[in-house]
1. Counting only heavy atoms of the protein chains, get the accessible area per residue of the chain (1.4 Å probe) and round it to a whole Å² value.
2. Expressed in nm to one decimal, what extension gain is obtained for the pair GLN232 and GLN180 from 0.36 nm per residue of sequence separation less their Cα-Cα distance?
3. Over the chain, what percent of the accessible surface lies on carbon and sulfur atoms, probe 1.4 Å?
4. Nearest 0.05, what FRET efficiency do GLU133 and VAL52 give at R0 = 41 Å with Cβ-Cβ as r?
5. Looking at [x] 18.8; [y] 20.4; [z] 18.2, which value of Kirkwood radius over Cα pairs in Å comes from a calculation on the structure shown?
6. Can you find, among ALA148, THR167, CYS187, the residue farthest towards the positive end of the dipole of the range 103-203? Put +1 on the C-beta of Lys and Arg, -1 on that of Asp and Glu.
7. Would you give the gap between the C-alpha center of the range 77-104 and the C-alpha center of the range 151-209, rounded to a whole Å?
8. With +1 assigned to the C-beta of every Lys and Arg and -1 to the C-beta of every Asp and Glu, and no other charges, what is the dipole magnitude of the chain about the Cα centre in debye, to the nearest 20?
Amino acid sequence: MIARQRQNEILHSLKEEGTVSVSELADKLGVSESTVRRDLGELSSMGLLEKVHGGATALDDEQALRDLTLDERVGLHKDDKQEIARFAAKLVGPNDCVYLDAGTTTHLIVEALDGTKARYVTDSVTNALSLAEKNMKVVLVGGELKSATEALVGPEALETLLRYHFTLGFWGSNGIDATQGFTTPDCSEAMVKRISLEHCERPYVVADPSKFGHCAAVSFGDLEKATVLTTQVPPAFQRFKNIKTVLKG
């Protein structure tokens, strides 16, 4: 059994049982305990499980099931987010019309932008203010303000987005599921994400590895609808050609 198959079996066992031990996995997979520990280490580094003494436990789905506030999210997987953001910022050209979704990774993209003459449209108050401070051209869509994510939603936001055709765009996602695609907990925010993504020529979803294998309440796009930028692709998602690894450093 190759490493990818073993790791898929480990994740399946975790989904069924919640907690697994090294010795149980070794017996089940027919490999040594040292091999199991190595697999658990790799899966933990991808953000797909939590290592504990003698085994592993399934991760809490809180990030997918509810909208964490920006303060709650800002320190999570920051190194991965910064690598993704630096790569994403380099994709922006001077003639692009860019959509920027609300979120901590997209905000890091704003911080990484340097000297671009592109035009920006965003539903994020935080992103809009940061872009304005950099003297960049920015349009903030109207609508109702969500306090948790500082995103604007509702009919006014959708009406604005329907007028645009973006050459490039970046979205965050609470969960990425092979069947349900890109997901988020809130229906109104999902609609803003869906409409803006559908109006984009080159859409990118920026996601650290912890988002894979989780599914929030509302889908806003099929997995094939955008290129995913991440730092490490989990074994179960390596068949998708549109998931791209951003090399660290």
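The values are calculated or read from the model by the stated rules, or taken from the named source; none is laboratory data. Since we're looking at a predicted model, the values are computed, not measured. Every residue, glycine among them, receives a Cβ derived from its backbone with ideal geometry; neighbour counts consider all protein chains shown. SASA here: full protein model, heavy atoms, side chains in, ligands and nucleic acids out. Shrake-Rupley method; radii C 1.70, N 1.55, O 1.52, S 1.80 Å.
1. Value returned for the chain: 48 Å² of accessible area per residue.
2. On the way: separation 52, 0.36 × 52 = 18.72 nm, distance 2.03 nm.
Residue separation times 0.36 nm, minus the Cα-Cα distance, leaves 16.7 nm.
3. 49
4. Working from the Cβ atoms, E equals 0.40.
5. It is the value labelled [x].
6. THR167
7. Between the Cα centres of the range 77-104 and the range 151-209 lies a distance of 14 Å.
8. Dipole magnitude for the chain comes out near 960 debye.
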